[in-house]
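Presented below is the structure to which this report refers.
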Amino acid sequence: MAHPIPQEHSALRNVLGSFATGVTVITTLEERDHRPVGLTVNSFCSISLSPALVLWSIAKSSPSRELFGEGQSHVIHILADNQMALARQFATPQADKFLGVDYQIPDGFPAPLINGCTARLYCQTDQVMSGGDHDMILAKVLHYELAEAPPLLFSRGNFLSAHTCSSTRG
Ligand SMILES: Cc1cc2nc3c(=O)[nH]c(=O)nc-3n(C[C@H](O)[C@H](O)[C@H](O)COP(=O)(O)O)c2cc1C
């Protein structure tokens, strides 16, 4: 039986949360004082291979929102299944989210690089589009790195390890 579209935010969040995703941490540098900034994001998805484009969304209320405007460099880290603590750390507002994090700021790309991830996408914001209480960031992928580590998964409010899921080729 079809259910009416839930009006409660929490009910709608439960419905949308049943779509399982990976987990990313997206980082950039604040231009003024070069402070590293980052947040946990699971709204990431692929859009186009040629040109290489990806999409993710950020709450308009986020203090980081203005740092991801057009032309802004950022790195999308696809988290490995042993990086749940990192996902929680970057989802918790605090003055320095990078405390204790293994990262460096490379020569030639103005964004912090976190180590130990499944993949890293070096991106530049192409367009920002409004979508209700979030803004959608369409980003060009300039280059990328892929590692062996299995990805962290997220579904219905829980982190899952790809190790504990059985897999069949799609
Ligand atoms: C698994 C997970 C996925 C999330 N995905 C998003 C997302 O796609 N967009 C977003 O704006 N916030 C998302 N959040 C919430 C942000 O990570 C959180 O609000 C964070 O503190 C935002 O950074 P800020 O403190 O700089 O605003 C997610 C949180 C978790 C735990």
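Read-outs: derived from the displayed coordinates by stated rules, not from any lab. Every value quoted in this text rests on a predicted model; they were computed, and no experiment measured them. In this analysis, Cβ positions are derived from the backbone assuming ideal geometry, glycine residues included, and neighbour counts consider all displayed protein chains.
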Task: Binned Cα-Cα distances of region 53-162, short to long, each 10 Å bin given as a whole percent - done: 13, 41, 41, 5
- [ ] Rank these for me by crowding, HIS163, HIS134, going from fewest to most other beta carbons within 10 Å.
- [x] HIS163, HIS134
Open item on the list: Please report the net charge: other residues with Cβ closer than 12 Å to the Cβ of TYR122, K and R +1, D and E -1.
Closed with: +1
TODO: Please report VAL54, VAL15 as a ranked list, fewest other C-beta atoms within 10 angstrom at the top and most at the bottom.
DONE: VAL15, VAL54
Task: Phi-based couplings in Hz for region 93-105 (Karplus 6.51, -1.76, 1.60; Gly and Pro marked x) - done: x, 7, 4, 10, 6, 8, 4, x, 8, 7, 8, 9, 9
Task: Dipole moment magnitude, nearest 20 debye, region 12-146 about Cα centre, only Lys, Arg, Asp, Glu C-beta charged - done: 320
Open item on the list: Tell me the mean residue ellipticity at 222 nm calculated for the chain from its helices only (DSSP H runs of n ≥ 4, each -39500 (n - 2.57), averaged over every residue, nearest 500).
Closed with: -2000 deg cm²/dmol
Open item on the list: Using Cβ counts within 10 Å as a stand-in for footprinting exposure, how do THR118, THR164 rank, fewest first?
Closed with: THR164, THR118
